[in-house]
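The next block holds one structure in the form of structure tokens; read it before the comments.
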Amino acid sequence: MALLTPLLAFLYHLPQVYKWLLKPYYIASLFMSVAFLAVRKTPGICDQLSTQREDGNSCDFDWREVEILMFLSAIVMMKNRRAITVEQHVGNIILFSKVANVILFFRLDIRMGLLYLTLCIVFLMTCKPPLYMGPEYIKYFSDKTIDDELDRDSRVTWIVEFFANWSPECQSFASVYADLSLKYNCAGLKFGKVDIGRYGEVSKKYKVSTSPLSKQLPSLVLFQGGKEMMRRPQVDKKGRAVSWSFTEENIIREFNLNELYHKSKKLSKTNEDKVFFQSPFPLVPEVEEPESETKKDK
């Protein structure tokens, strides 16, 4: 059963996986992930490689290479236990596949290792994973608009994500946050985002560190009446984030979104009633009736 559940989940998300893999970033990453396998198994190339196998077959993995691959596979499985989206699963597999390739190429030939490492660095600097571009009900703040929006209406509750575009965790969380905004957005409950990688002053004011070591990205903060009521992940005295999983279920439970949504809908109904009873037509001035002929005769 433990193996069946992730398999069924993978099959359920298979169409999405194909859709992502067809993007240039993932196509290039896929080729880089299987580079050592291709070199080791391609006839004409593998014949020129060194090997530690007793039978001298240089077109097959030796025991040490198998050991390295098994060890990194175990690490991927451990990392994917905390993954919440398919993007994170695929990203972890690609990342550790590249790490395995670097180790294996350096072990095989230092020149090939340096070449592959250079390609990885160039790829990292020039290619970025595609950003989420799906539907959402999210308002994007800048350093000049966030304070005004949070203070504009004290009846409105805001859930704001503090993120940075370079953070893989923020990129993976984008689709989850967008789905929540589609389900729970209303007049009294709104969702916002602010890029603290771009607006450093916002990062300092709201005390969200952009350091990768702090592990505070992404951070979700609940505001009511312009004041912070809660945030996740919580931060300890040393400025490090307490481990917390950004799953949809955790966010709904911790932020009590169902109750917030039902309370916030009352504000929507109140506004709708005001609009309903307001006449859409301009007032017409009353016209005085002409005096009767009998009165004129008198």
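The values are calculated or read from the model by the stated rules, or taken from the named source; none is laboratory data. Please read all numbers here as calculations on a predicted model, not as lab measurements. With ideal geometry, Cβ positions are generated from the backbone for all residues, glycine too; neighbour counts draw on all protein chains shown. Surface accessibility is based on the protein's heavy atoms, side chains included, excluding ligands, DNA and RNA. Shrake-Rupley method; radii C 1.70, N 1.55, O 1.52, S 1.80 Å.
Residue by residue, here is whether (1) of a type in the set (Ser, Thr, Tyr); (2) farther than 24 Å from Asn80 by Cα; (3) in contact with a strand residue (DSSP E or B) (Cβ under 6 Å, 6 or more places away or on another chain); (4) part of a helix (DSSP H, G or I) holds:
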| site | (1), (2), (3), (4) |
| --- | --- |
| Ser97 | yes, no, no, yes |
| Leu114 | no, yes, no, yes |
| Leu119 | no, yes, no, yes |
| Pro135 | no, yes, no, no |
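In summary, Arg107 fulfils each of the numbered conditions (1) assigned by the TED database to the domain that holds Leu37; (2) out of contact with any helix residue (DSSP H, G or I) (no Cβ under 9 Å at 6 or more places or on another chain); (3) among the basic types (Lys, Arg) with the single exception of condition (2).
Taken together, the residues in segment 89-136 that are surrounded by 13 or more Cβ atoms within 10 Å (Cβ to Cβ) and among the β-branched types (Val, Ile, Thr) amount to 6.
Here Ser264 fulfils each of the conditions (1) surrounded by fewer than 18 Cβ atoms within 10 Å (Cβ to Cβ); (2) modelled with pLDDT of 80 or more apart from (1).
Answer yes if at least one residue in segment 216-223 is among the aliphatic types (A, V, I, L, M), modelled with pLDDT under 95 and over 16 Å from the mean Cα position of the chain (by Cα), and no otherwise. Taking every residue of segment 216-223 in turn, none turns out to be among the aliphatic types (A, V, I, L, M), modelled with pLDDT under 95 and over 16 Å from the mean Cα position of the chain (by Cα). Looking across segment 148-162, the residues that are in contact (Cβ under 8 Å) with a residue 12 or more places away in the chain and either open to solvent by 30 Å² or more (accessible area, probe 1.4 Å) or not aromatic (Phe, Trp, Tyr) (or both) come down to Glu149, Leu150, Asp151, Ser154, Arg155, Val156, Thr157, Ile159, Val160, Glu161. Which one of Asn165, Asn185 is open to solvent by less than 60 Å² (accessible area, probe 1.4 Å), within 22 Å of Tyr132 (Cβ to Cβ), of a type outside the set (Val, Ile, Thr) and modelled with pLDDT under 95? Matching residue, one of Asn165, Asn185: Asn185.
Cβ separations smaller than 6 Å between residues 6+ apart or across chains give the following pairs from segment 35-56 residues that are in the same structural domain as Ile103 (by the TED database) to residues that are in a loop (DSSP other than H, G, I, E, B) and loosely packed, with under 15 Cβ neighbours inside 10 Å: Val39/Ile45.
Given the criteria assigned to a helix (DSSP H, G or I), in contact with a helix residue (DSSP H, G or I) (Cβ under 8 Å, 6 or more places away or on another chain) and closer than 25 Å to Val90 by Cβ, does Arg64 qualify? Considered against the rule, which asks whether it is assigned to a helix (DSSP H, G or I), in contact with a helix residue (DSSP H, G or I) (Cβ under 8 Å, 6 or more places away or on another chain) and closer than 25 Å to Val90 by Cβ, Arg64 comes out as no. Met70 fulfils the conditions (1) without any contact (Cβ under 8 Å) to a residue 40 or more places away in the chain; (2) aliphatic (A, V, I, L, M); (3) outside any helix (DSSP H, G or I) except for a single criterion, (3). Against the criterion of being surrounded by fewer than 12 Cβ atoms within 10 Å (Cβ to Cβ), modelled with pLDDT under 90 and more than 28 Å from the chain's Cα centre (by Cα), Asp60 does not qualify.
Restricting attention to segment 216-242, the residues being closer than 22 Å to Asn165 by Cβ and surrounded by fewer than 16 Cβ atoms within 10 Å (Cβ to Cβ) number 0.
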